[in-house]
Each structure stands twice: as C-alpha cells, then as structure tokens.
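S.K.: Just passing along the structure, written as structure tokens.
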Amino acid sequence: MQVSFCTKRSHLTASILEGGLKPFERARGSSLFEHMAKNESALTEFNEMMVNHTSLLMKKLVKTYNGFESLSDGVLVDVGGVEHVGGDMFDAVPQGHAILLKWILHDWSDEQCVEILKNCKKALPKDGKVIIVESIMPREISETDLATKVILHMDVVMMAKTIGGKERTKEEFDYLAMEAGFKLPKISYGAYANWILELYKEE
C-alpha cells in the first residue's frame, strides 16, 4: 500500500486539537479525492482496494440478500451482471430501478449525503429503491465485539481521510433518508460488519 494512504492518521492529533485541515490534507496538501485525481498510481491502487473488498463482500451478500432478484430485467447502477452506467452523483444519477451505494455515504458529510440521495430519488421510478451498503455504528460500544472494533476503526479512518465523512448510527441514517424525501430505511444485516439499507420513495 502506498505511503500516501498510510501516513494520514499521524496528523490526527493536530487536527483534533487545532481544527482546520483534516489529517490527510495536512499530510498531502489536498483531500483524498483531489490527491487521487492528480496521482494516477494512487487512484489505481485505491480502485484495486475497492474492487478486492467489493468482490469479497458481494459474494456473501448475494447469498444473504434477496433484494436483487426482482431486478434481473432492469438497470442496476454499479452492480456486475447488468448494464453499467457512469455518472457524477453530485450532479445527476443515471436512471435505474435500483441504485447501489456501497461504502459511498461514509465518505461524505450529512449535507453531501442528502444531496446524493436526492439525486438518487430523482433517478428512480415510483417503485424503485436505493440499496445502501454501510456499517452501522452501534448504540453501545463493546470492547470485545470484533464487528464493533472494525466499525470504530473505519470511523477513525473516515475522520482522517475525508472531509465530513463518518460511520453512522441507525438514527443518523434515518435522518439522511427523511431529509432526502425517502421513507425510513428498511435495514437487514449483510456481512462482515456491513448492513443493507433499502430506501423507498414516500407515497
């Protein structure tokens, strides 16, 4: 793994005590996504990490989650086996019967997440849905539960490498859904400390 992805947390203490720039910005002079936009090798490595993680997780999810079954004749953005359609989620999201957001929302602030979800809502038909795959921060913190440790670790990673990103509680996901005009999320456990949240339009 590149040093650029590993040194950001060394600036965490200064960012907490002094405020201002996030750890990754202090280390690299730009945000994570700006850094990757200017550094092709960093972007390639990041994409490879995401592909490897997604491959592992999705093999498990397709066995535990049956929400993809009704979409075989439709368009599912960002899922293999159907039509792939690119887009800028802050501008507009390609139309589809379902939109998959895996490890997307934890990179962004509440305001940015609501913007993303509103664009998803515009792209969905009346009976469409957003499928979110994210960790859910537990209400009570256990020092021995492995899943909790993983989620807390990722929360610190989000604090270090993003501007406003974080792992969220169920209540925080409820807030994002309602602010974007969706019903409260339908939540089920996925795999490896990741949950599946389905968002449907308000009737």
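Quick note: the coordinates plus some simple rules give every number you see, no bench work behind them. Nothing here was measured: the structure is a model prediction, and the numbers come from that model. So basically every Cβ, Gly included, is an ideal-geometry build from the backbone, and we count neighbours across all protein chains shown.
S.K.: If you build a Gaussian network model of the chain, linking Cα atoms that sit under 10 Å apart, which residue out of 22, 126, 161 swings the most?
M.R.: The residue that fluctuates most here is 126.
S.K.: Which whole number of Å³ per residue matches the convex hull of the alpha-carbon atoms in the chain?
M.R.: Given the Cα convex hull of the chain, per-residue volume reads 135 Å³.
S.K.: Could you identify which residue out of 101, 43, 152 has the top mean-square fluctuation in a GNM of the chain using Cα springs shorter than 10 Å?
M.R.: 43
S.K.: Please list 128-137, 181-190, 112-121, 45-54 highest first by mean number of surrounding beta-carbon atoms within 10 Å per residue.
M.R.: Result, highest mean first: 128-137, 112-121, 181-190, 45-54.
S.K.: Moving on. Taking amide H atoms as placed 1.01 Å from N in the peptide plane, list the residues 5 or more away in sequence, or in a different chain, whose amide H sits under 5 Å from that of residue 195.
M.R.: Those lying under 5 Å, H to H, from residue 195 are 134, 135, 136, 190.
S.K.: What is the order of 192, 65, fewest Cβ neighbours within 10 Å to most?
M.R.: Listed from fewest to most nearby Cβ atoms, that is 192, 65.
S.K.: Going by Cα centres, region 41-70 and region 129-203 are how many Å apart?
M.R.: Computed from Cα coordinates, the inter-centre distance equals 17 Å.
S.K.: Something else about it: Listing 93, 156 from the residue with the fewest other Cβ atoms within 10 Å to the one with the most, what is the order?
M.R.: 156, 93
S.K.: Mind checking which lysines have their C-alpha under 16 Å from residue 118, skipping anything on the same chain fewer than 8 residues away?
M.R.: 126, 129, 183, 201
S.K.: Here's something else I'd like to know. Which order do the peptides 32-39, 57-64 come out in when sorted by mean C-beta neighbours inside 10 angstrom, highest first?
M.R.: Answer by packing, highest mean first, reads 32-39, 57-64.
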